[in-house]
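Novice: Encoded as structure tokens, here's the structure I'll be asking about.
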Amino acid sequence: VAYSLMAAPLTLVFTDEGSREPGTLGLMYLETMALQGSAIYLLKNVFSRSRPFVYNDDPDIPADLKSSRTARRSFPSGHSSNAFAAMVFTASVFQCLYPDSSARGWVWGGCLTAAATTGYLRFAAGRHFPSDILAGAAIGALAGYLVPRWHEVDPYDPGADPTAKTSPGMTFAIRMGF
């Protein structure tokens, strides 16, 4: 489910407003997924939390699954983060492209419901604890909301183009040192 939701932002380029800037929308989405994906990767390696099925005594769960590398990468939920990043990005950009649309509430409601369903299904499958899902959802939602905001034109900048929906180029940097 999460991977199908990751394709949802592509629908924005087929709208009247979104078709004017497909490159910018694509770059923004790439930034969103890179930001949340990097955070998830880092946290999974820092915490190395075991998945719920590791503690399950059910003989139908293969021993090799319980001892696999992914069995120790539960926190935070990457599927939930991917889903929330994609859905919050979609709803945020829709809201920016169509600020007067009466469908905004429906878009937000549908997007958040779809993302939450992904989290629930990961819990029901025994792949994550609720805290894994909530942390992944928060990281993904934050990335999906912040990246479009970073690209907005500053209304207080006298040199800004008031008709532009987004500013050109990237507006943030990530620096890591070891």
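Novice: Tell me which of these T118 doesn't satisfy, since it passes every other one: (1) closer than 14 Å to A91 by Cβ; (2) buried (at least 18 other Cβ atoms within 10 Å of the Cβ).
Specialist: Tallying (1) closer than 14 Å to A91 by Cβ; (2) buried (at least 18 other Cβ atoms within 10 Å of the Cβ), T118 fails exactly one: (1).
Novice: Take the stretch 19-49 and flag every residue that is in contact with a Lys or Arg (Cβ under 6 Å, 6 or more places away or on another chain) and either modelled with pLDDT of 90 or more or of a type in the set (V, I, T) (or both).
Specialist: Selection gives K44 alone.
Novice: Looking at this structure, is D58 part of a loop (DSSP other than H, G, I, E, B) and over 22 Å from A135 (Cβ atoms)?
Specialist: Spelling it out, D58 is indeed part of a loop (DSSP other than H, G, I, E, B) and over 22 Å from A135 (Cβ atoms).
Novice: Please pick out the residue among G37, G23 that is part of a helix (DSSP H, G or I), farther than 22 Å from G119 by Cβ and either of a type in the set (G, A, S) or open to solvent by 70 Å² or more (accessible area, probe 1.4 Å) (or both).
Specialist: G23
Novice: Name the single residue that is nearest to F129 (Cα to Cα) among those in the stretch 78-89 being at pLDDT 95 or above and open to solvent by less than 20 Å² (accessible area, probe 1.4 Å).
Specialist: Looking at residues that are at pLDDT 95 or above and open to solvent by less than 20 Å² (accessible area, probe 1.4 Å), I get S80.
Novice: Separate question: Could you say whether any residue in the stretch 150-160 is assigned to a helix (DSSP H, G or I), modelled with pLDDT of 85 or more and closer than 17 Å to P9 by Cβ?
Specialist: The answer is yes, given that some residue of the stretch 150-160 is assigned to a helix (DSSP H, G or I), modelled with pLDDT of 85 or more and closer than 17 Å to P9 by Cβ.
Novice: Give just the number: which of (1) among the β-branched types (V, I, T); (2) more than 18 Å from the chain's Cα centre (by Cα); (3) within 20 Å of G18 (Cβ to Cβ) does I61 not satisfy?
Specialist: Of everything listed in (1) among the β-branched types (V, I, T); (2) more than 18 Å from the chain's Cα centre (by Cα); (3) within 20 Å of G18 (Cβ to Cβ), I61 misses just condition (3).
Novice: What are the residues in the stretch 49-75 that are touching a residue at least 24 places away in the same chain (Cβ under 8 Å) and open to solvent by 50 Å² or more (accessible area, probe 1.4 Å), if any?
Specialist: R49, N56, R72
Novice: Can you tell me how many residues in the stretch 90-113 are in a helix (DSSP H, G or I) and either of a type in the set (K, R) or over 12 Å from the mean Cα position of the chain (by Cα) (or both)?
Specialist: 13
Novice: I'm told S74 meets every condition in (1) over 22 Å from T117 (Cβ atoms); (2) among the hydroxyl-bearing types (S, T, Y); (3) assigned to a loop (DSSP other than H, G, I, E, B) except one. Can you identify the failing condition by its number?
Specialist: Checking S74 against (1) over 22 Å from T117 (Cβ atoms); (2) among the hydroxyl-bearing types (S, T, Y); (3) assigned to a loop (DSSP other than H, G, I, E, B), the one that fails is (1).
Novice: Going through the stretch 139-153 one residue at a time, which ones are farther than 15 Å from G37 by Cβ and not β-branched (V, I, T)?
Specialist: Answer for the stretch 139-153, where residues must be farther than 15 Å from G37 by Cβ and not β-branched (V, I, T): Y145, P148, R149, W150, H151, E152.
Novice: When you check D132 against the structure, is it surrounded by fewer than 17 Cβ atoms within 10 Å (Cβ to Cβ) and either acidic (D, E) or not in a helix (DSSP H, G or I) (or both), yes or no?
Specialist: no
Novice: Another question, if that's okay. Of the conditions (1) open to solvent by 70 Å² or more (accessible area, probe 1.4 Å); (2) among the β-branched types (V, I, T); (3) under 21 Å from Y145 (Cβ atoms), V46 satisfies every one except a single condition; which number is it?
Specialist: So the condition that V46 fails would be (3).
The values are calculated or read from the model by the stated rules, or taken from the named source; none is laboratory data. Computed from a predicted model, the values in this text were never measured in an experiment. In this analysis, Cβ positions are derived from the backbone assuming ideal geometry, glycine residues included, and neighbour counts consider all displayed protein chains. Ligands, DNA and RNA are stripped out before the accessible areas are found, and what is left, the full protein with its side chains, is counted by its heavy atoms. Shrake-Rupley method; radii C 1.70, N 1.55, O 1.52, S 1.80 Å.
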